[in-house]
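Enquirer: Attaching a single structure in structure tokens format; questions to follow.
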Amino acid sequence: MHSYVQIENAGMVFSTKKGKFTALTDINLTVAEGEFISLIGHSGCGKSTLLNLIAGLTDATEGVLLLANKEIKGPGPERAVVFQNHSLLPWLNAFENVHLAVERVFGAREGRSQLKARTQAALDLVGLSHAAARLPGEISGGMKQRVGIARALAMEPKVLLMDEPFGALDALTRAHLQDELMKIVAATRSTVVMVTHDVDEAVLLSDRIVMMTNGPAATIGDILSIDLPRPRDRLALAHDPAYHALRSRVLEFLYSRQMRPREAA
Ligand SMILES: Nc1ncnc2c1ncn2[C@@H]1O[C@H](COP(=O)(O)OP(=O)(O)O)[C@@H](O)[C@H]1O
Ligand SMILES: [Mg+2]
């Protein structure tokens, strides 16, 4: 495997009404093709900001980001994003929201029936075929999030970027989609960068967990390799001492950087 996403000395300084705010500093990270990376850290440390830099939705104010040795300049169809707040178009139903992305990526090469089949398959995958005709305003938050996931997966992206994709889901749906995601990623060999604050999710899914320090001027504090063999089975892992050891490592990192009340205020 070779390096696919390369982040070199990246930093992000926002200009705000109150002056400059340094969100990220000295971010150095290389992601291999087919690797599954989780970004974990306390709320507000800059996880979404870093994901947006890779997505090309914001430009880094320092350093450089490369995808397959080319500088990242703006978004591209090879990078699909699942946003924290689903970001569906409210006037399109679930099917149409997914279809729009499918059309954009495959429309030049494929006919109408193929595009429809792709859309349908993606909705099936997240268990939403029955809600295809419903508008975002007519479905639950969890369902909206699943449409957002279907939309991203339907694009068959080389890099899947996900910002707390399962955060709003109930535990069973979440577990089901995590399992599906592992199968899809194994089949498609997609490269994934996922933001999460769920330690179990990070250990279950990742090849490496990137642990971020608290902001302002957040950076990468430590990187933990998750060398558990694949395919991974959540029930078997529940009894695996290696799993619990890794889980503890992440928890220790997070607890050692807990915000003191004065800093949190
Ligand atoms: N557009 C922006 N302008 C100013 N500050 C921002 C902007 N986006 C994010 N920030 C700040 O940068 C920090 C990191 O934000 P974010 O990446 O959303 O954190 P996380 O996703 O880890 O919760 C926060 O302090 C946030 O307030
Ligand atoms: Mg965030």
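Enquirer: Tell me yes or no: at least one residue of the range 159-168 is away from ligand 1 (no atom under 16 Å from the Cβ) and assigned to a helix (DSSP H, G or I).
Expert: no
Enquirer: Looking at this structure, is residue 234 open to solvent by 60 Å² or more (accessible area, probe 1.4 Å), among the charged types (D, E, K, R) and at pLDDT 95 or above? Let's see the steps before the verdict.
Expert: Numbers: open to solvent by 60 Å² or more (accessible area, probe 1.4 Å): yes; among the charged types (D, E, K, R): yes; at pLDDT 95 or above: yes.
Yes: the conditions hold for residue 234.
Enquirer: Give me a count of the residues in the range 111-140 that are open to solvent by less than 40 Å² (accessible area, probe 1.4 Å) and either closer than 21 Å to residue 187 by Cβ or part of a helix (DSSP H, G or I) (or both).
Expert: Counting residues in the range 111-140 that are open to solvent by less than 40 Å² (accessible area, probe 1.4 Å) and either closer than 21 Å to residue 187 by Cβ or part of a helix (DSSP H, G or I) (or both) gives 9.
Enquirer: Of all residues in the range 37-61, which are open to solvent by 10 Å² or more (accessible area, probe 1.4 Å), within 7 Å of ligand 1 (Cβ to nearest atom) and over 18 Å from residue 9 (Cβ atoms)?
Expert: 43, 44, 47, 48
Enquirer: Could you tell me whether residue 222 is open to solvent by 50 Å² or more (accessible area, probe 1.4 Å) and more than 16 Å from ligand 2 (Cβ to nearest atom)?
Expert: Yes, satisfied.
Enquirer: Same structure, new question: Looking only at residues that are touching a residue at least 12 places away in the same chain (Cβ under 8 Å) and not acidic (Asp, Glu) in the range 237-249, which one is most open to solvent (accessible area, probe 1.4 Å)?
Expert: 249
Enquirer: Then there is this: Would it be correct to say that residue 105 is assigned to a strand (DSSP E or B) and open to solvent by less than 40 Å² (accessible area, probe 1.4 Å)?
Expert: Criteria not met by residue 105.
Enquirer: Of the residues in the range 169-182, how many are assigned to a loop (DSSP other than H, G, I, E, B) and surrounded by fewer than 16 Cβ atoms within 10 Å (Cβ to Cβ)?
Expert: Of the residues in the range 169-182, 1 are assigned to a loop (DSSP other than H, G, I, E, B) and surrounded by fewer than 16 Cβ atoms within 10 Å (Cβ to Cβ).
Enquirer: Output the number of the condition that residue 14 fails; it satisfies all remaining conditions of (1) within 16 Å of ligand 2 (Cβ to nearest atom); (2) in contact (Cβ under 8 Å) with a residue 40 or more places away in the chain.
Expert: Of everything listed in (1) within 16 Å of ligand 2 (Cβ to nearest atom); (2) in contact (Cβ under 8 Å) with a residue 40 or more places away in the chain, residue 14 misses just condition (2).
Enquirer: Please go through the range 37-64 and pick out each residue that is more than 11 Å from ligand 2 (Cβ to nearest atom) and touching a helix residue (DSSP H, G or I) at 6+ places or on another chain (Cβ under 6 Å).
Expert: 38, 40, 58, 60
Enquirer: A follow-up question, please. Evaluate the range 200-210: report whether one residue or more is under 13 Å from the mean Cα position of the chain (by Cα), open to solvent by less than 40 Å² (accessible area, probe 1.4 Å), within 16 Å of ligand 2 (Cβ to nearest atom) and under 22 Å from residue 102 (Cα atoms).
Expert: No, every residue in the range 200-210 fails to be under 13 Å from the mean Cα position of the chain (by Cα), open to solvent by less than 40 Å² (accessible area, probe 1.4 Å), within 16 Å of ligand 2 (Cβ to nearest atom) and under 22 Å from residue 102 (Cα atoms).
Enquirer: Take the conditions crowded, with 24+ Cβ neighbours inside 10 Å and within 16 Å of the chain's Cα centre (by Cα) and apply them to residue 147. Does it pass?
Expert: yes
Enquirer: Could you count how many residues in the range 74-96 are part of a loop (DSSP other than H, G, I, E, B) and either under 19 Å from the mean Cα position of the chain (by Cα) or surrounded by 13 or more Cβ atoms within 10 Å (Cβ to Cβ) (or both)?
Expert: Summing the residues that are part of a loop (DSSP other than H, G, I, E, B) and either under 19 Å from the mean Cα position of the chain (by Cα) or surrounded by 13 or more Cβ atoms within 10 Å (Cβ to Cβ) (or both) in the range 74-96 gives 13.
Enquirer: How many residues does the range 23-34 hold that are away from ligand 2 (no atom under 14 Å from the Cβ), surrounded by 19 or more Cβ atoms within 10 Å (Cβ to Cβ) and not polar (S, T, N, Q)?
Expert: 3
The values are calculated or read from the model by the stated rules, or taken from the named source; none is laboratory data. Only a predicted model underlies this, so the values are computations on that prediction, with no experimental measurement involved. Cβ: placed from backbone, ideal geometry, glycine included. Neighbour counts: every protein chain shown. Ligands, DNA and RNA are stripped out before the accessible areas are found, and what is left, the full protein with its side chains, is counted by its heavy atoms. Shrake-Rupley method; radii C 1.70, N 1.55, O 1.52, S 1.80 Å.
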